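Enquirer: I have a structure here, written as structure tokens, and I will follow up with some questions on it.
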Amino acid sequence: MAHNHKEMSKPLAVLLFIVTLPFVLVGLIVFGLIYVVTTVIPAPIELLIYKRSQFYKDLKIKYSLGITSNFGYKSYKYVKENPCLEMVFQDEGYYYYKTENAILVIPYYQGYYYENGKWMITPDEGKKSMEISCAKEIFAPLIKEDIEGYELKLLVKEKRFSKESLELAKSDPVFVFYKNHKDFGSIKA
């Protein structure tokens, strides 16, 4: 009986392979088409758009795929329209914003909450929360210029806060809020 089972398993395996092979091939072809349509075809168009942009003309940052979707790229033209705000790029690709008396950094944290009279941030999932003052100490060394005389503020998207927290946070001078990259044309800190 065991011998008969072995004889039957080979034809079943071949039959299973023949039945599933078309689905696997169709899946690979669909994946390949999606990749070509979303990456390969748009890349030369994006490169052309990028090379003609004011962002590239001013900063000469090397092109990388998807750069025109980058937040810094999208906000740059609005920053240029704002006489009170300057965008400062550093060699490592890190950038921040500067006003007459403040340096604004965009912290990419999971969440913000108010606890025991202090603003707390959650850096990444699974990591311990810390006070906002600690976050400011983390950003200060990243800025490669003398920041003496400047106030370090956090430029934060409004949707990172609950409605209740947002009202409280708007009264704290450590935060500067924006809704989207278009708001950068009117930021004053």
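The values are calculated or read from the model by the stated rules, or taken from the named source; none is laboratory data. Here the structure is a predicted model, which means the values were calculated and not measured. Here the Cβ positions follow ideal geometry from the backbone for every residue, glycine too, while neighbour counts run over all protein chains shown. Heads up: the accessible areas ignore ligands, DNA and RNA and are worked out on the full protein's heavy atoms, side chains in. Shrake-Rupley method; radii C 1.70, N 1.55, O 1.52, S 1.80 Å.
Enquirer: Among Tyr56, Phe177, Ile106, whose Cα sits farthest toward the positive end of the charge dipole of the chain (+1 at Cβ of Lys/Arg, -1 at Cβ of Asp/Glu, about the Cα centre)?
Expert: Tyr56
Enquirer: I'd like the carbon and sulfur percentage of the solvent accessible area for the stretch 1-98, probe radius 1.4 Å, heavy atoms only, ligands and nucleic acids excluded. Could the numbers behind the result be given before it?
Expert: Working: 5170 of 7310 Å².
Looking at the stretch 1-98 in its full context, I get 71 percent from C and S.
Enquirer: Another question about this same structure. What Kirkwood Rh does the chain have if only Cα atoms enter the pairwise 1/r average? Answer in Å. Display every interim value, and only then the final one.
Expert: Values: mean 1/r = 0.0481 Å⁻¹.
Kirkwood hydrodynamic radius for the chain: 20.8 Å.
Enquirer: Is there a quick way to get the dipole size of the stretch 113-175? I mean about its Cα centre, with the Cβ of Lys and Arg at +1 and of Asp and Glu at -1; what is the value in debye to the nearest 20?
Expert: Values: 11 positive and 13 negative charges, 55 e Å.
Here the size comes out at about 260 debye.
Enquirer: Between Asn101 and Leu47, what is 0.36 nm times their sequence separation minus the Cα-Cα distance? Round to one decimal in nm.
Expert: On the way: separation 54, 0.36 × 54 = 19.44 nm, distance 3.61 nm.
Length gained, Asn101 through Leu47: 15.8 nm.
Enquirer: Starting from the Cα gyration tensor of the stretch 116-179, multiply each eigenvalue by 5, take the square root, and state the resulting semi-axes largest first in whole Å. Let's see the in-between values first.
Expert: Working: eigenvalues 89, 50, 25 Å².
In descending order, the three semi-axes are 21, 16, 11 Å.
Enquirer: Leaving out ligands and nucleic acids, note down the accessible area per residue over the chain with a 1.4 angstrom probe, in whole Å². Mind showing how you got there, number by number?
Expert: Values: 12820 Å² over 189 residues.
Result: 68 Å² of accessible area for each residue.
Enquirer: Once label points are set 7 Å from the Cα along Cα→Cβ at both Thr122 and Lys157, what is their separation, rounded to one decimal in nm?
Expert: It is 1.6 nm.
Enquirer: Under unit Cβ charges (Lys, Arg +1; Asp, Glu -1), what dipole magnitude, rounded to 20 debye, does the chain have relative to its Cα centre? The partial results should precede the final answer.
Expert: Details: 25 positive and 22 negative charges, 150 e Å.
In debye, rounded to 20, the chain gives about 720.
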